[in-house]
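The values are calculated or read from the model by the stated rules, or taken from the named source; none is laboratory data. Computed from a predicted model, the values in this text were never measured in an experiment. Positions of Cβ are generated from backbone atoms using ideal geometry, with glycine treated the same way; all protein chains shown enter the neighbour counts. What goes into the accessible areas is simple: the full protein's heavy atoms, side chains included, and nothing from ligands, DNA or RNA. Shrake-Rupley method; radii C 1.70, N 1.55, O 1.52, S 1.80 Å.
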Amino acid sequence: VGRIAEARAIVTLLVSTSPNLVAARLLELQLREGTPKERAAAAGVFRRTYSSLGLSPRQEGEAAWVEARAWIEAGDREHAVRAAEIGVARDGTHRDLLMLLAHEDVEAGDLVDASRKLASLVELYRADLEARRDLVIVYLELDRIEEAKAVAQAANPPLQGVLSALVYGWSGEVGAPDPASVDSSTPMGAWARALLAVSAHRADAASIVATAAADLGGSEEP
């Protein structure tokens, strides 16, 4: 709630009374003052120092995530990826580290590697909407339509309907739902509705696409 000074005071007390409490040290790093690069460097030192004290895989993964996030804030993706790779080597189930590496694969055009990481995420966290959405999109980019369809069908509603519509719109397969039936209140829904309208060669496709573009432009994923 923005009460940073009070949070720092509490964490300082925690660390002073229990210096080896990993959760407290992680909080201390997250609340550390200074530039992002200074905080990232401190997180790296923390991880290396406490690794010698027998951190659990989960704790090392969390320490690596604190470091990776600080490097991202500092604008240094290379160091962030390296921290994430080290963290995943210790905790191969850390959701945020796996997602970071999958997105890096996408940015680099390594869609096959991205699909493997995202598939692992979906298996580990079956209710994770972002992982399932991203896996469907990567499968579509790879033209692995049947796999995309299966991942979409396994989602819970209303995501299932939106992802299935996205698959139909992307592939242009027969049997696609009416664009009007797709919930377009989310960026994914707006995109799916637009794709369906275009793939069906609807007369009103241009207006549907224009509406979707306006919705997307004002969203968190413009």
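Quick notes
- Residue within segment 87-94 that is open to solvent by 50 Å² or more (accessible area, probe 1.4 Å) and of a type in the set (Asp, Glu) present: no
- In segment 59-125, counting only helices (runs of 4 or more DSSP H) that sit wholly within it, the ones holding 2 or more residues that are more than 23 Å from Arg25 (Cβ to Cβ) and among the hydrophobic types (A, V, I, L, M, F, W, C) span 95-108, 111-124.
- When every residue of segment 53-69 is checked against the conditions, at least one turns out to be modelled with pLDDT under 80, of a type outside the set (A, V, I, L, M), out of contact with any Lys or Arg (no Cβ under 7 Å at 6 or more places or on another chain) and over 30 Å from Ala148 (Cα atoms).
- Segment 187-199: number of residues that are farther than 21 Å from Ser219 by Cα and open to solvent by 60 Å² or more (accessible area, probe 1.4 Å): 1
- Test for Ser171: is it open to solvent by 30 Å² or more (accessible area, probe 1.4 Å), among the small types (Gly, Ala, Ser) and more than 20 Å from the chain's Cα centre (by Cα): yes
Conditions (1) touching an Asp or Glu at 6+ places or on another chain (Cβ under 6 Å); (2) in a helix (DSSP H, G or I); (3) under 17 Å from Arg90 (Cα atoms); (4) among the polar types (S, T, N, Q), marked per residue:
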position	(1), (2), (3), (4)
Leu14	no, yes, no, no
Ala24	no, yes, no, no
Leu27	no, yes, no, no
Arg32	no, no, no, no
Lys37	no, yes, no, no
Ala41	no, yes, no, no
Thr49	no, yes, yes, yes
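- Condition met for Leu159 (free of Cβ contacts under 8 Å to residues at least 60 places away in the same chain and either more than 25 Å from Glu85 (Cα to Cα) or open to solvent by 70 Å² or more (accessible area, probe 1.4 Å) (or both)): yes
Results for (1) in contact (Cβ under 8 Å) with a residue 40 or more places away in the chain; (2) open to solvent by less than 30 Å² (accessible area, probe 1.4 Å); (3) under 19 Å from the mean Cα position of the chain (by Cα), shown as yes or no for each residue.
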| site | (1), (2), (3) |
| --- | --- |
| Pro36 | no, no, no |
| Ser52 | no, no, no |
| Ala63 | yes, yes, yes |
| Ala84 | no, yes, yes |
| Leu98 | no, yes, yes |
| Ala108 | no, no, yes |
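- Residue within segment 119-139 that is open to solvent by less than 70 Å² (accessible area, probe 1.4 Å) and within 24 Å of Arg47 (Cβ to Cβ) present: yes
- For Ser184: the one exception among (1) touching a residue at least 12 places away in the same chain (Cβ under 8 Å); (2) under 30 Å from Ala214 (Cβ atoms); (3) polar (S, T, N, Q); (4) surrounded by fewer than 20 Cβ atoms within 10 Å (Cβ to Cβ): (4)
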